[in-house]
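Engineer: Okay, here's the structure, questions in a sec.
The values are calculated or read from the model by the stated rules, or taken from the named source; none is laboratory data. Just so you know, these numbers come straight off a predicted model, no measurement behind them. Cβ placement follows ideal geometry from the backbone for every residue including glycine, while neighbour counts extend to all protein chains displayed. Accessible surface areas use protein heavy atoms only, side chains included; no ligands, DNA or RNA. Shrake-Rupley method; radii C 1.70, N 1.55, O 1.52, S 1.80 Å.
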Amino acid sequence: MILVTGGAGYIGSHMALKLLENNEKVVVFDNFSTGHIETIETLMKEGKDNFEFFEGDLLNLNDLNALFKGRNIEAVIHFAAFSLVEESTKNPAKYYKNNVTGSINLLDAMHKYNVNKIVFSSTAATYGEPEEIPIKETSLQNPVNPYGTSKLTVEKIMDDYDRAYGIKSVRLRYFNVAGADSKCRIGENHNPETHLIPNILKSTFNNKKTFKIFGDNYNTKDGTCVRDYINVEDLINAHLLALKYLLAGGKTDFFNLGTNEGNSVKEIFDLCTKVTNKEIPFEIAQKRAGDPAVLIADNKKAKEILGWNPEKTLYDSIKSAYMWELKQNERNKK
Ligand code: UFG
């Protein structure tokens, strides 16, 4: 059985669904702080007897004991975390408690119950303002916000837990994750939504909110920020490969998950207007604090060691995200 923490959230639920499709037994652990009950209902429907849900909190040791006790957990895939950069600058305590203490509690429970393999959601935010583009795994990790620091701290703790207790980890440093399940069963649903693609797509609906481009005088091809958008299903495939790698006895390691390519906010906006075939109201707004101009991953290491190959295009990501937004919009009308 595989434990997926944060499996009611955006990326964790895509992971759980994929594992279930591969006939794995899955237990999802989530406290619904940002996840959704509807997502769990979908996973139950898809996974049937292979799926189990445990509502609990990483900060509650009783929950963790009850989770691990009596279950045959082979490995953990750990998504549960808060992930909003701006919020982390205003409320660092929330990020350090949940992301760092929560992860320590999880690792301690793994140690106690002899589970020694973990795949961890890390982030490009651990690099901070990059010193080189594309960013390699060997690039300096110097986070510029508490969210990035919380994830880097957990990466370091994982090295120590390997040396002392033999817990092997694969840390996957995500760039900008985009898109939804290609069968439209699950997708991105944040409240508030801060991410670029869902925000552009939401501006196509009737109660149209003007989409804001945060800054157009960056030192980039068209003045707007450049990011590396990786499709969520491709990202999940990398987790499956990382899991396979650990189950085959692989050593602790870390990988960037991105496409090696960057797109500007304006390029994404233009592609969204093509995919939706709609005029989308927009305006140029102030820069958002802490946004680096360019973040692009060097993904060679994941290709070479894990045998990963991202296959989806940006068009695929925007299309699946749009299908999901349309479904959400219909649901909200009822
Ligand atoms: N943007 C807009 N308007 C919006 C939303 C975003 O112009 O309404 C711009 C942002 O300024 C940025 C780009 O679109 O330039 C992408 O922004 P997102 O919020 O979608 O993503 P980020 O690059 O800020 O954040 C992502 C992850 C974080 C992670 C970070 C690493 O979501 O979890 O990359 O830097 F920490």
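Engineer: Take region 123-145 and flag every residue that is near the ligand (Cβ under 10 Å from one of its atoms), open to solvent by less than 10 Å² (accessible area, probe 1.4 Å) and either modelled with pLDDT under 95 or not in a loop (DSSP other than H, G, I, E, B) (or both).
Structural biologist: Selection gives Ala124, Thr126.
Engineer: Could you please give the count of residues in region 242-293 that are open to solvent by less than 20 Å² (accessible area, probe 1.4 Å), away from the ligand (no atom under 11 Å from the Cβ) and β-branched (Val, Ile, Thr)?
Structural biologist: Qualifying residue count for the region: 3.
Engineer: Based on what the data block shows, is Ile213 more than 20 Å from the chain's Cα centre (by Cα) and assigned to a strand (DSSP E or B)?
Structural biologist: So Ile213 fits the description; yes.
Engineer: Mind checking which pairs have a first residue in region 147-162 that is within 16 Å of the ligand (Cβ to nearest atom) and a second that is outside any helix (DSSP H, G or I) and open to solvent by less than 50 Å² (accessible area, probe 1.4 Å), Cβ under 6 Å, 6 or more apart or different chains?
Structural biologist: Pairs found: Thr149/Pro143; Lys151/Ser122; Lys151/Thr123; Leu152/Pro143; Glu155/Ser122; Glu155/Arg171.
Engineer: For region 146-188, enumerate the residues that are hydroxyl-bearing (Ser, Thr, Tyr) and crowded, with 17+ Cβ neighbours inside 10 Å.
Structural biologist: Tyr147, Thr149, Ser150, Thr153, Tyr161, Ser169, Tyr174
Engineer: Same structure, new question: Looking for something over 25 Å from Lys312 (Cα atoms) and not in a helix (DSSP H, G or I) - is there at least one such residue anywhere in region 186-198?
Structural biologist: Yes - at least one qualifying residue is present in region 186-198.
Engineer: Which condition from (1) more than 10 Å from the ligand (Cβ to nearest atom); (2) outside any strand (DSSP E or B); (3) in contact with a Leu (Cβ under 7 Å, 6 or more places away or on another chain) is the one that Leu172 breaks?
Structural biologist: Every listed condition holds for Leu172 apart from (2).
Engineer: In addition: Name the pairs whose Cβ atoms lie under 8 Å apart, with the first residue in region 203-224 and on the phi < 0 side of the Ramachandran plot and away from the ligand (no atom under 13 Å from the Cβ), the second part of a loop (DSSP other than H, G, I, E, B) and open to solvent by 80 Å² or more (accessible area, probe 1.4 Å), and 6 or more positions between them or separate chains?
Structural biologist: Once the first residue is on the phi < 0 side of the Ramachandran plot and away from the ligand (no atom under 13 Å from the Cβ) and sits in region 203-224, its partners that are part of a loop (DSSP other than H, G, I, E, B) and open to solvent by 80 Å² or more (accessible area, probe 1.4 Å) give Thr204/Lys278.
Engineer: Those residues that are among the small types (Gly, Ala, Ser) and open to solvent by 10 Å² or more (accessible area, probe 1.4 Å), I need them from region 7-34; list them, please.
Structural biologist: Just the residues of region 7-34 that are among the small types (Gly, Ala, Ser), to begin with: 7-9, 12-13, 16, 33.
Across region 7-34, the qualifying residues are Gly9, Ser33.
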